[in-house]
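Each remark here refers to the structure printed beneath this line.
The values are calculated or read from the model by the stated rules, or taken from the named source; none is laboratory data. Nothing here was measured: the structure is a model prediction, and the numbers come from that model. Cβ sites come from the backbone with ideal geometry, for glycine too, and all protein chains shown count toward neighbours. Heads up: the accessible areas ignore ligands, DNA and RNA and are worked out on the full protein's heavy atoms, side chains in. Shrake-Rupley method; radii C 1.70, N 1.55, O 1.52, S 1.80 Å.
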Amino acid sequence: MEARRIHHLGVAVDDLDAAVTTYERVLGARLEHRETVPDQGVEAASLRVGEGRVELLASLGEDTPVGKFLAKRGPGMHHVAYEVADVRSALTELAGEGVELVDEQPRRGLFGLEVAFLHPDAMDGVLAELVAHG
Ligand code: CO
């Protein structure tokens, strides 16, 4: 498996509106998408920063994945997303190599993207997301 590039960086934030304003003001970032996903307990904003992209993640409650992350570690880097040609074939290949996966199958992520997560223990402590395209 060969990742094509870093698709985005995921950052956990306490206040999404404030964080969007900060990234716009400090970096000249441009808001690309904003979405609330009750299923995943998250409200998210995708911002373009030059050719790169940052995904800001706010929690909809303490008992959600991002809520637990914020309670434990506070705001900060949450995950790195890598673009791959095909998420399913990447997962099959990585599982065969014994890489610890969070998702055995691709699933629908934020903003309609097909994604899957790799366990932080497999990636030197950083949660990794595979993204198909975009
Ligand atoms: Co992401």
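For the chain, the calculated P(r) over all alpha carbon pairs, in 5 Å bins from 0 to the bin holding the longest distance, is 2, 11, 19, 24, 20, 14, 7, 2, 0 percent.
Before rounding to the nearest 500, sum -39500 (n - 2.57) across all DSSP H runs of length at least 4 in the chain and divide by the residue total; then give [θ] at 222 nm in deg cm²/dmol.
Values: 3 runs with 31 residues, N = 134.
Result for the chain: -7000 deg cm²/dmol, rounded to the nearest 500.
Mean sequence separation of contacting Cα pairs (under 8 Å, at least six apart), scaled by the length of the chain, corresponds to a relative contact order of 26 percent. Dimensions of segment 70-131 based on its C-alpha atoms, expressed as ranges along the principal axes with the largest first, amount to 34, 28, 16 Å. Heavy-atom accessible surface of the chain, averaged per residue, reaches 55 Å², computed with a 1.4 Å probe. Within the accessible area of the chain, the carbon and sulfur atoms contribute 49%, probe 1.4 Å, all protein chains present.
For segment 7-83, averaging the sequence separation of C-alpha pairs within contact (under 8 Å, six or more residues apart) and dividing by the residue count gives a relative contact order of 42 percent.
Of the residues 48, 108, 34, the one that moves most in a GNM of the chain with alpha-carbon contacts below 10 Å is 108. Dipole magnitude for segment 1-132: computed about the Cα centre from +1 point charges on Lys and Arg Cβ and -1 point charges on Asp and Glu Cβ, it is near 380 debye.
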